[in-house]
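Okay, structure first, notes after.
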Amino acid sequence: MKDAAPQDAQQATRLSDYRPFSHLIDSVKMVFRLSPDATRVRTEIRFRPNPAATDHTTLRLDGEKLRLISATIDRTPVSPDVTDTHLTCAVPGGPFLWESEVEIAPTSNTALEGLYMSNGMYCTQCEAEGFRKITYYPDRPDVMATFSVRIEGDAPVLLSNGNPGDSGDGFAEWHDPWPKPAYLFALVAGDLVAHSGQFTTMHGADVALNIWVRPGDEDKCDYALDALIRSMKWDEEVYGRAYDLSVFNIVAVDDFNMGAMENKGLNVFNSRYVLASPETATDLDYERIEGIIAHEYFHNWTGNRITCRDWFQLCLKEGLTVFRDQQFSGDMRSRPVKRIADVLQLRARQFREDNGPLAHPVRPESYVEINNFYTATIYEKGAELIGMLKRIVGDAEYDKALALYFERHDGQACTIEDWLQVFEDSTGRDLTQFKRWYQQPGTPRLKVTESFDNNRLTVNLRQYTPPTPGHAAKEPQVIPIAFGFLHPDGNDMTGSEMLIMDKAEDQITFDTKGPRPVLSILRGFSAPVIVEREMTIEQRAFLLAHDTDPFNRWEAGRTLAKDVLTSMVVDGATPAPVFLSALDKVLRDETLEPAFRSLCIALPGDDDMAQTLFDAGLTPDPDAIRDARQRLTREIAETNGDVLGGIFDAMAVPGPYAPDAKGAGARALRLSALGFLSHIDGGARAERLFEAADNMTEQVGALAALLATEKGDEQVAAFENQWRDDRLVMDKWLMLQTMLAAPERAAEVTRDLAARADFDWKNPNRFRSLIGGLAGNHGGLHHESGAAYELIADWLIRLDPVNPQTTARMTTIFETWRRYDADRQGMMRAAMERIAATPGLSRDTDEMVGRILG
Ligand code: TRP
Ligand code: ZN
């Protein structure tokens, strides 16, 4: 079948063009006859006219890469008009039965969208528009239907959505009683084994839980199952939401474009977010497994029972579900530590996006390829909007509003308007202005200035949002600002208060009898904005030492580190002693949990510093940034070596490894200390730890410490020897080497690793480890030779015809190109233009490169 013509391919879909579908569906019945090269799919759909639509005489069904075998209406053969993307057919004005049979080829589906094969196992990925590669169907989320599925095939395990029905030799039937859009359809078939458990809901219903993996992996499922059970319990306790089927299946798949997918009753996961054992998974892996298991499970209510009307409403399910998984992880571990980790991630991914050519509203107005809009803005900024709403209305009102949302919209496909209406109705507030957060892209800046006269501190606040592509002028937004004041003796004077700022300018005043208080603002990161506030390093050090808000304590240290690094880059200054002694104090403060201390001493990464310098009106020099960070690391190690050495010894966790938050925090602090100490001890501690480690957290931590100081050749070889047969562990090995290679060697190291026989580049995890690792090596990526730009462009061009979705995502490596000097800009532009000029480039990659080039 020929591909869609390019002019066709570039057509944008617009929110303003939304029209309801012509028909509603009463039920869908499907029969799959599985075969790797020629799977037959028979589909019966009971259509009836949609009263909300006008034309009921033509049926238009989406379909791509399908071979139509037959089609009937009310059992009479019809000959629809078929194109590469859809079919159209004249239909009776009333209800009718549509039947079709198509043939598809799972083995040749390398895009990992639709029905494909991964290691001999059949699996599906339908969000956002993959179902149309399985059968002709109205593939849009506002068309919801109940599905009955029969799978015929010789695989021992045959799974689909819903509750199990009849099964026997070579077949299995499934029925999903809950109406759902096609993007939540799933089918899995293969030689799988289950790690099983059980859950009883708060209504007393029994649910069978299964984690399905390839034989041999069943001993790596304990943690995922435990996380699932804790998620089910938490959603009952905190949101009053119970599970609604007799079985919940999770399948681990090796070839997967993203993290995981919330298909009704049959979540499909990238195996890296399921499989874990102490020897093979790090603390961070465990934490991610917990968070993603929760995320997909929580979608059962926020996404599945209540879904999206169209893909412009994606943040309705994703923003809310990310917010819920963040709450869950905070409850399971430490709230302040989780908040800091989420803000770090928001800044690294979403602020980066908002400040570049790909900036878009949380609810976009148009897209060419919807897969390109599963972004940090939709997910993470979307989650921040929920958090702000909760802060504005208060916890109790939030709970009431959510209860109304579930009650009012269960079984529906909704919009952001529906969501905000629920909050307006339930709280009596007018959220018209708040809605701007969904419509205006860009990160608001909050300028803070102060004056102190007659014992009165006046804080002047001004908000503005810089222009972003297609959105020049911005209106003031509603910004919840949590703040407090500290006495110069270090005591909190007021606790935390909240200002809901809704104008461009506002003021806070504070009368005091004594000396000038110190302001702590945007406590808990109460809104996703950039605070612009001039402070001395002494003031920052004061807040780092005394703020009662843990987030702002960390934030003070962070901005302090950035100030120090900036002056080291700009005037070659030596690190300020105030900073070093502030770190010393934090390190010694045993009232602070280790995970928090570990975050406080972590230096900002190079990409973060590049953005910081760029925001300050400078052109970031990647070598100077790296050099400053290395110098500062060494300086800290030399000045604070004793306390760091003490921590390294004291934080050794006794006994067998357990992935609990407390142990993970101690290991994190210990490895942070090691990262500094390795710069002055010749790598002795890291070598010993590598030798002795009985868990992956320490093994990888030690190896990283060695590689970061250009040592570790021997350990790299030993690691490979030990783990060459474990694909997930070898992904770490690939990534560490490309990410930590010296800048002048990074492209070469990547090229050599890519030439290995086991570099199976069609596997997204493998590709992301190697190429993503190089991209995460700021100095290496931006080495003046341009070798990394070239290499990345070569690989993206090679991957594009195989897997457009993953290729398109990875073009964001170049999204910051305008930050850098003319030479580097020229080289990055040339690399992107070479990608853009590739004949037959996918619509996905074409859209991304076009937008990045601007
Ligand atoms: N809805 C999924 C989630 O947030 C993510 C997702 C969207 C996805 N499209 C996908 C996953 C394609 C895999 C492949 O959890
Ligand atoms: Zn999601």
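Bear in mind these aren't lab numbers, they're just calculated from the coordinates by the rules spelled out. Computed from a predicted structure; not experimentally measured. Reconstructed Cβ throughout: ideal geometry from the backbone, glycine too, with neighbour counts over all protein chains shown.
Rounded to the nearest whole Hz, the Karplus-based 3J(HN,Hα) values (6.51 cos²θ - 1.76 cosθ + 1.60, θ = phi - 60°) of the range 668-683 follow the sequence 4, 5, 5, 6, 4, 4, 4, x, 6, 4, 5, 6, 10, 9, x, x, with x at glycine and proline.
Positive contributions from Lys and Arg (+1) and negative ones from Asp and Glu (-1), summed over other residues with Cβ under 12 Å from the Cβ of Leu706, come out at -3. So, in nm, how far is label Lys662 from label Ala403 when the simple model puts each one 7 Å beyond its Cα toward the Cβ? If labels sit at Lys662 and Ala403, their model points lie 3.6 nm apart.
Packing around the peptides 821-832, 249-260, taken as the average count of other Cβ atoms within 10 Å per residue, puts them in this order, highest first: 249-260, 821-832.
Please give the charge dipole size of the chain, origin at the Cα centre, charges +1 on K and R Cβ atoms and -1 on D and E Cβ atoms. Round to the nearest 20 debye.
Numbers: 91 positive and 129 negative charges, 258 e Å.
Here the size comes out at about 1240 debye.
How do Trp178, Trp761 line up, fewest other C-beta atoms within 10 Å first? Kindly include the intermediate steps, with their values, before the conclusion.
Details: Trp178 19, Trp761 15.
The order, fewest Cβ neighbours first, is Trp761, Trp178.
Quickly rank 341-351, 285-295 as a protection proxy: mean count of other C-beta atoms within 10 Å, highest first. Let's see the in-between values first.
Values: 341-351: 19.2, 285-295: 23.3.
Peptide ranking by packing, descending: 285-295, 341-351.
Note down the relative contact order for the range 19-190 as a percent, whole number, built from C-alpha pairs under 8 angstrom at least six residues apart. It would help to have the intermediate numbers written out before the result.
Values: 455 pairs, mean separation 40.7, N = 172.
Reported relative contact order: 24 percent.
Farthest towards the positive end of the charge dipole of the range 371-493, among the residues Gly470, Thr415, Ala482, is the Cα of Gly470, using unit charges on the Cβ of Lys, Arg, Asp and Glu. For the range 592-598, backbone phi angles converted through the Karplus equation (6.51, -1.76, 1.60; θ = phi - 60°) give residue-by-residue couplings of 8, 5, x, 4, 5, 4, 4 Hz, Gly and Pro being listed as x.
Can you check what the net charge comes to around Gln825, using other residues whose Cβ is under 10 Å from the Cβ of Gln825 (Lys, Arg +1; Asp, Glu -1)? Kindly include the intermediate steps, with their values, before the conclusion.
Details: positive: Arg818, Arg819, Arg824, Arg829; negative: Asp821, Asp823.
So the environment of Gln825 carries a net charge of +2.
On full extension, the segment bounded by Asp430 and Glu538 gains 34.7 nm, given 0.36 nm per residue less the C-alpha separation.
Starting with the highest mean, order 194-204, 24-34 by the number of other Cβ atoms within 10 Å, averaged over the residues of each peptide.
On the way: 194-204: 13.9, 24-34: 18.9.
Output ranking for 194-204, 24-34: 24-34, 194-204.
Quick one: net charge of Glu784's neighbours, Cβ under 14 Å, K/R +1, D/E -1? Before the final figure, lay out the partial values.
Details: positive: Arg626, Arg745, Arg824; negative: Asp621, Asp623, Asp627, Glu744, Glu790, Asp821, Asp823.
Every neighbour counted, the sum reads -4.
Taking the C-alpha atoms only, the angle from helix 606-615 to the longest principal axis of the chain is near 80 degrees.
Per 0.36 nm of contour for each residue apart, how much would the distance between Leu618 and Arg688 grow if the chain were fully extended, relative to their Cα-Cα spacing?
Working: separation 70, 0.36 × 70 = 25.20 nm, distance 4.21 nm.
Length gained, Leu618 through Arg688: 21.0 nm.
Given the C-alpha centroids of the range 765-835 and the range 130-184, what is the distance between them in whole angstrom? When both Cα centres are located, 39 Å separates them. A simple spin-label model places pseudo-atoms 7 Å from Cα toward Cβ; at Arg634 and Arg756 they are separated by 3.0 nm. Near the amide H of Gly165, within less than 5 Å, lie the amide hydrogens of Glu173, Trp174, His175, all on another chain or at least 5 residues away, with H placed in the peptide plane.
The alpha carbons of the chain stretch over 86, 64, 58 Å along the principal axes, in descending order. Using just its DSSP H runs of length 4 or more, each adding -39500 (n - 2.57), the chain gives a mean residue ellipticity at 222 nm of -12000 deg cm²/dmol after division by all residues.
Averaging the Cα positions of each part gives two centres, and for the range 543-557 and the range 374-417 these lie 29 Å apart.
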